Amino acid sequence: MTKFEALGLKKTLLDAIVDMGFETPSEVQEMAIPILLEGDTDLVALAQTGTGKTAAFGFPLIQKIDANSKTTQGLILSPTRELCMQITNEMQAYSKYERGINVVAVYGGASITDQARQIKRGAQIVVATPGRMKDMMSRGLVDISKIDVCILDEADEMLNMGFYEDIKEILSDTPKEKNTWLFSATMPKEVATIAKKFMRNPQEITVGTKNSGASTVQHEYYVVGGRDRYPALKRLADTHPDIFSVIFCRTKRDTQKVAESLIEDGYNAGALHGDLSQNQRDLVMNAFRKKQIQMLVATDVAARGIDVDDITHVINYQLPDEIETYTHRSGRTGRAGKSGTSMVIITRSELRKIKAIENKIGQKFITKNIPSGMEICEIQLYHLANKIKDTEVNAQVEAYLPAITKVFEGIDRDELIKKVVSVEFTRFFNYYNKTKDLNASGSDRGDRDDRNSDRGNNNSGEIPTSGAVRYFINVGEKDDYDWMSLKDFLRDTLEVGQDDIFKVDVKESFSFFNTDASITPKILETFKDFKVEGRFVNVEISSNPGGGGGGSRSGSRDRNRGGGGGRDRSRGGDSGGYGGKKRERSSSSSKGGFKDDSGSKRRSGGNRSNSRSESKGGSKESSGGKSKRRSGFF
Ligand code: AMP
């Protein structure tokens with residue numbers, strides 16, 4: 001008896017399992033399948049993606065289906081279109097020897113009429129995203145009033161994406177006596193609430209440690225200066241010539257920018273984020289699946305559907321706001337029993353976040369150094385030598401051999417080897433020959449970079465031309481900003497890079513930030529008569545160098561100086577300032593804040609997309625501005 005047979009699966013499923021090439025059940029399959037086959041029970045399973053959870057619920061579900069009835073008997077809800085399609089494909093493969101079982105996928109961004117037609121033909125199993133499912137229910141295109149089983153897959157992701165209300169409404173249309181099987185990588189409060197509210201005495205299983213990342217993943221961090229993130233990323237890629245990775249950025253802008261830079265620098269890279277059309281996203285994902293793209297740069301939301309095995313590295317170009325998100329990111333590697341590495345590029349000031357993640361995932365990080373230029377050259381050299389050694393000789397070369405041999409006449413073996421490897425090696429050598437050490441050490445580096453914040457600040461009323469410049473801006477905590485969201489807002493508004501805005505210091509009703517003097521004219525121009533939702537947002541140069549003394553000290557100096565009117569006025573008494581606005585505007589508007597009529601806070605960016613629009617093919621994603629207060633875990 002095989003181990004799968006021992007779980008109680010029927011012959012047709014065992015045959016499909018053989019065809020799939022599964023030899024032994026994974027941990028979650030071993031634990032869940034007997035429970036689910038045995039009786040009518042609800043189940044909460046804590047399992048990462050990549051652990052084989054689709055088969056863990058898929059086999060028992062198929063075994064329970066009455067193929068003679070065309071009624072919908074099983075509903076699987078999953079967070080994204082991509083995941084929905086993947087689950088459907090898997091379910092179809094598992095049920096290949098079943099007669100008359102139809103599995104239909106229902107998701108946004110595709111024809112609802114076609115999907116309705118497929119369901120009408122008889123779909124015993126429907127795999128759906130919550131948004132489209134609700135849509136179809138409201139139009140009477142699907143009937144789930146007789147289902148026996150409802151599966152909530154990646155429940156934490158669905159709730160993260162704001163599907164709580166949809167899920168609630170969908171579940172309320174299902175029979176009370178059905179069974180609910182909930183699968184989730186993590187167990188935040190919201191998932192526990194769903195379990196409590198909609199499930200009856202669920203059995204609970206946990207694969208690995210509760211709330212932990214997959215144990216096959218090694219977690220590493222690299223401390224660099226804030227401005228060195230990108231060169232550090234390149235070195236990490238160059239250190240792993242066969243890398244097949246997902247690189248996570250926090251905003252769509254950074255995602256696009258990093259991907260473009262990588263492509264310009266000759267890497268096989270692609271971007272995946274919510275500003276791309278569904279078609280563009282499909283193209284990128286297909287290229288990634290075929291490994292034509294080695295480095296997929298993605299936002300967290302867009303990456304939710306990525307279900308690709310063999311990812312060797314996850315690189316956190318920036319850390320996410322919430323630890324749970326880190327768990328999801330790192331879970332993209334180390335799948336299906338393979339090992340993987342999750343790397344974090346981090347600045348010194350963010351180091352405390354590592355501790356917080358370690359506590360959450362129950363695993364220690366390894367501190368590593370970004371390799372030096374020469375170390376990379378060496379790695380590349382050996383990689384090249386091995387590649388040449390392992391290259392299969394193309395038979396077509398044979399015909400040209402006499403002529404080619406003639407070209408190499410007089411060059412001995414050693415010389416020839418040196419020349420062959422130099423073809424590629426020189427490219428790396430020339431690039432890395434004189435590069436600096438990127439590792440932030442002690443007090444000299446960190447996210448403060450090479451910039452001298454004390455330089456270039458002026459009291460004279462002139463626009464500084466060099467060094468760092470500190471600014472006052474009339475928005476603060478009252479407007480629901482914290483340093484991260486203000487930085488995002490400024491970067492997106494100004495269309496500047498990740499590290500161009502620094503030393504952001506948010507006070508109650510105003511804030512300060514620094515930039516390099518080179519972008520001062522752009523800032524002053526942009527914030528001339530700049531309004532957000534009818535309110536003037538005012539930016540002026542502060543006479544206070546700020547930041548030079550570091551965090552809180554500089555903060556209090558800023559506060560003292562900026563107190564009252566909320567900004568420094570010693571710059572030649574020009575109340576209009578460089579921003580060119582009258583004082584009344586900013587002070588009156590700061591009373592109004594960014595609140596809407598109902599008193600609730602609004603996004604301040606231009607791009608408001610608080611409502612999820614899955615049915616339009618897009619997913620909710622903050623772009624600049626902010627979509628929620630970023631309190632997170634950090
Ligand atoms: P999942 O966690 O369902 O996303 O599955 C991750 C990957 O593991 C998928 O590619 C599955 O086809 C594969 N897989 C699932 N179960 C097994 C198994 N018992 N043996 C080998 N591979 C499996």
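Sorting 431, 164, 221 by accessible area (1.4 Å probe), largest first, what list results? Could you put the intermediate results ahead of the total?
Numbers: 431 110, 164 60, 221 35 Å².
Correct descending sequence by accessible area is 431, 164, 221.
Count the lysine pairs in region 1-119 that are 8 or more places apart or on different chains: how many have C-alpha atoms under 15 angstrom apart? Provide the component values of the computation, followed by the final result.
Numbers: 3/11; 10/64; 10/96; 11/64; 11/96.
Taking the Cα cut-off of 15 Å, the pair count is 5.
So, for region 5-206, what is the accessible surface per residue at a probe of 1.4 Å, expressed in square angstrom? The partial results should precede the final answer.
Working: 8100 Å² over 202 residues.
In whole numbers, region 5-206 has 40 Å² accessible per residue.
What is the local net charge at residue 257, summed over the other residues whose Cβ is closer than 13 Å to its Cβ (Lys, Arg +1; Asp, Glu -1)?
Details: positive: 229, 250, 252, 253, 491; negative: 254, 260, 264, 265, 275, 492, 495, 499, 500.
Within the 13 Å Cβ shell, the charges total -4.
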Using a basic spin-label model with each label point 7 Å from the Cα along Cα→Cβ, how many nm lie between residue 408 and residue 19?
4.9
Stick to Cα atoms and the Kirkwood definition of Rh, then tell me Rg/Rh for region 31-109.
0.94
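Run the accessible area of region 1-114 with a 1.4 Å probe and give the carbon-and-sulfur part as a rounded percent.
Answer for region 1-114 is 48 percent, counting heavy atoms of protein chains only.
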Using eta = 0.890 mPa s and T = 25 °C, Stokes-Einstein with Kirkwood Rh from Cα pairs puts D for region 185-338, in µm² s⁻¹, at 147
Extreme residue, positive dipole direction of region 5-206, given options 130, 86, 144 (C-beta unit charges)
144
Scale the Cα Rg of region 5-206 by the rule-of-thumb value 2.2 N^0.38 Å and send over the ratio, two decimals.
0.94
Which value, in Å² rounded to 10, gives the accessible area of residue 290 with a 1.4 Å probe and all protein chains present?
140
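For region 5-206, with only Lys/Arg (+1) and Asp/Glu (-1) charged at the beta-carbon, what is the dipole magnitude about the Cα centre, in debye rounded to 20?
Numbers: 22 positive and 28 negative charges, 156 e Å.
Here the size comes out at about 740 debye.
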Accessible surface of residue 284 - all protein chains present, 1.4 Å probe, nearest 10 Å²:
30
Per-residue accessible area for residue 437 at 1.4 Å probe radius, Å² rounded to 10?
90
Taking Cα pairs under 8 Å and at least six residues apart, what relative contact order does region 53-113 come out at, in percent?
37
Using a 1.4 Å probe and counting only protein heavy atoms, arrange 196, 368, 419 so the residue with the most accessible area comes first.
196, 419, 368
Assuming a ≥ b ≥ c are the square roots of the Cα gyration tensor eigenvalues, decide whether region 1-75 counts as rounded (a/c under 1.5), prolate (otherwise, with a/b larger than b/c) or oblate.
oblate
Ranked from the most accessible area to the least, with a 1.4 Å probe and all protein chains present, what is the order of 227, 121?
121, 227
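The values are calculated or read from the model by the stated rules, or taken from the named source; none is laboratory data. This one's a predicted model, so the numbers in the text were calculated from it and none came from an experiment. Counting neighbours? That spans all protein chains shown, and the Cβs are built from the backbone with ideal geometry, glycine included. All accessible areas refer to the heavy atoms of the entire protein, side chains included, with ligands and DNA or RNA removed. Shrake-Rupley method; radii C 1.70, N 1.55, O 1.52, S 1.80 Å.
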